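**Student:** A single structure is presented below for examination.
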Amino acid sequence: MPVLEKGRKRVRIHQFWAHAVDDRAWNGPAPPAVVYIFAKTRSHREIKSQLADYQGVVQVDAYGAYTALAKAGRSPGPITLAFCVAHARRKFIDVYKKTKSPVARDAIERLAKIYAIEAEIRGTSVAHRHAVRQARTAPLMNDLRAMLDDVLDQISAKSGLAIAIRYTLNHWVGLTAFLGDGRIEIDSNTVERTMRPISSTSSILES
């Protein structure tokens, strides 16, 4: 958000952070809600301050400021980072658009099958979502990882495909967190949808 501060002729770019919750995917108790927090920075100190009293699961993209939240010994307790599968899929889509890579297409098609399962179980109970994911989705994710591991050893480390694969493998624990907890969504689209009205608005604040 561009902000024109008193005494300055040029704007500074400040930030809106969005925190969203929507339990409808697993029939939870909380109604959908979002809070927007205006801040001067995107720093790790800012998000640590915003979540200073929170412990539990946070679903995020791979922005580096979030990693400090998952450090051992954090007070008041640990935060589990669930990463966004849609972000990983987007990287393979970008590679396929540029290169028509059969490997990228394979990864996209594998993820499409996983998303199809998610569509089937959305709105069911935590226990059911967990059971289906363990029985049907976990093997698909394991096969995807095996394929990516195998391909990575055979391609240039500087290629776009290698970058997409390394991103996925480096965030694998967080990308598969949804398999072990029926409350967790496969991606962070819940919060991304809440940011669209803000990001599509062009305005300047004065302070």
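The values are calculated or read from the model by the stated rules, or taken from the named source; none is laboratory data. The shown structure was predicted, so the numbers you read here are calculated from the model rather than taken from an experiment. Note that we place each Cβ from the backbone using ideal geometry, even for glycine, and neighbour counts take in every protein chain shown. These accessible areas exclude ligands, DNA and RNA; they are computed on the full protein's heavy atoms, side chains included. Shrake-Rupley method; radii C 1.70, N 1.55, O 1.52, S 1.80 Å.
**Student:** Based on DSSP H runs of at least 4 residues, each adding -39500 (n - 2.57), what is the mean residue ellipticity at 222 nm of the chain after dividing by all its residues, to the nearest 500 deg cm²/dmol?
**Tutor:** Details: 8 runs with 90 residues, N = 207.
-13500 deg cm²/dmol, from helical runs alone.
**Student:** Per the 1.4 Å probe, what fraction of the accessible area of the stretch 92-136, in percent, lies on carbon and sulfur atoms? Don't skip to the answer; put the middle values down first.
**Tutor:** Working: 1510 of 2600 Å².
So the carbon and sulfur contribution to the accessible surface is 58 percent.
**Student:** Between the DSSP loop rule and a limit of at most 14 other Cβ atoms within 10 Å, which trypsin sites (Lys or Arg not before Pro) in the stretch 136-165 are left?
**Tutor:** Working: sites: 136, 145, 158; in loops: 158.
Answer in residue order: 158.
**Student:** Continuing with the same structure: On C-alpha positions alone, give me the angle between the axis of helix 102-121 and the longest principal axis of the chain, in degrees, nearest 10.
**Tutor:** 80
**Student:** Here's another thing I want to ask about it. Under 8 Å for C-alpha pairs, at least 6 residues apart: give me the relative contact order for the chain, rounded to a whole percent.
**Tutor:** 28
**Student:** Rounding to the nearest 10 and keeping the result within 0 to 90°, find how far the Cα-based axis of helix 138-152 lies from the longest principal axis of the chain.
**Tutor:** It works out to around 90 degrees.
**Student:** What accessible area per residue comes out for the chain, rounded to a whole number of Å², with a 1.4 Å probe? Walk me through the numbers on the way to the answer.
**Tutor:** On the way: 12040 Å² over 207 residues.
About 58 Å² of surface per residue is accessible.
**Student:** Loop-only trypsin sites (Lys or Arg not before Pro) in the stretch 10-65, please: DSSP not H, G, I, E or B, and at most 11 other Cβ atoms within 10 Å.
**Tutor:** Here the sparse-neighbourhood loop sites are 10.
**Student:** Run the dipole for the chain about the Cα centre, Lys and Arg Cβ at +1, Asp and Glu Cβ at -1, nothing else charged, and hand back the magnitude in debye, nearest 20.
**Tutor:** Values: 31 positive and 20 negative charges, 167 e Å.
The dipole of the chain has a size of about 800 debye.
**Student:** As I understand it, the value is the acute angle between the Cα axis of helix 189-199 and the longest principal axis of the Cα atoms of the chain; what does it come to in degrees, rounded to 10?
**Tutor:** Roughly 40 degrees, rounded to the nearest 10.
**Student:** Using the structure shown, list the pairs from 98/158; 100/158; 71/158; 91/113; 97/158 with a Cα-Cα distance above 22 Å, or answer none.
**Tutor:** Details: 98/158 15 Å; 100/158 17 Å; 71/158 30 Å; 91/113 17 Å; 97/158 18 Å.
Exceeds cut-off: 71/158.
**Student:** Given points 7 Å out from each Cα along the Cα-Cβ axis, report the residue 147 to residue 54 separation in nanometres with one decimal.
**Tutor:** Label-label distance for residue 147 and residue 54, simple model: 3.4 nm.
**Student:** Sticking with this one: Considering only DSSP states other than H, G, I, E and B, which trypsin sites (Lys or Arg not before Pro) in the stretch 79-120 qualify as loop sites with at most 10 other Cβ atoms within 10 Å?
**Tutor:** Numbers: sites: 89, 90, 91, 97, 98, 100, 105, 110, 113; in loops: 100.
Passing both the DSSP loop test and the Cβ count: 100.
**Student:** Would you give the gap between the C-alpha center of the stretch 16-54 and the C-alpha center of the stretch 100-134, rounded to a whole Å?
**Tutor:** 25
**Student:** As an exercise, find the ratio Rg/Rh for the chain from alpha-carbon atoms, using the Kirkwood inverse-distance average for Rh.
**Tutor:** Values: Rg = 19.2 Å, Rh = 19.0 Å.
Result for the chain is an Rg/Rh of 1.01.
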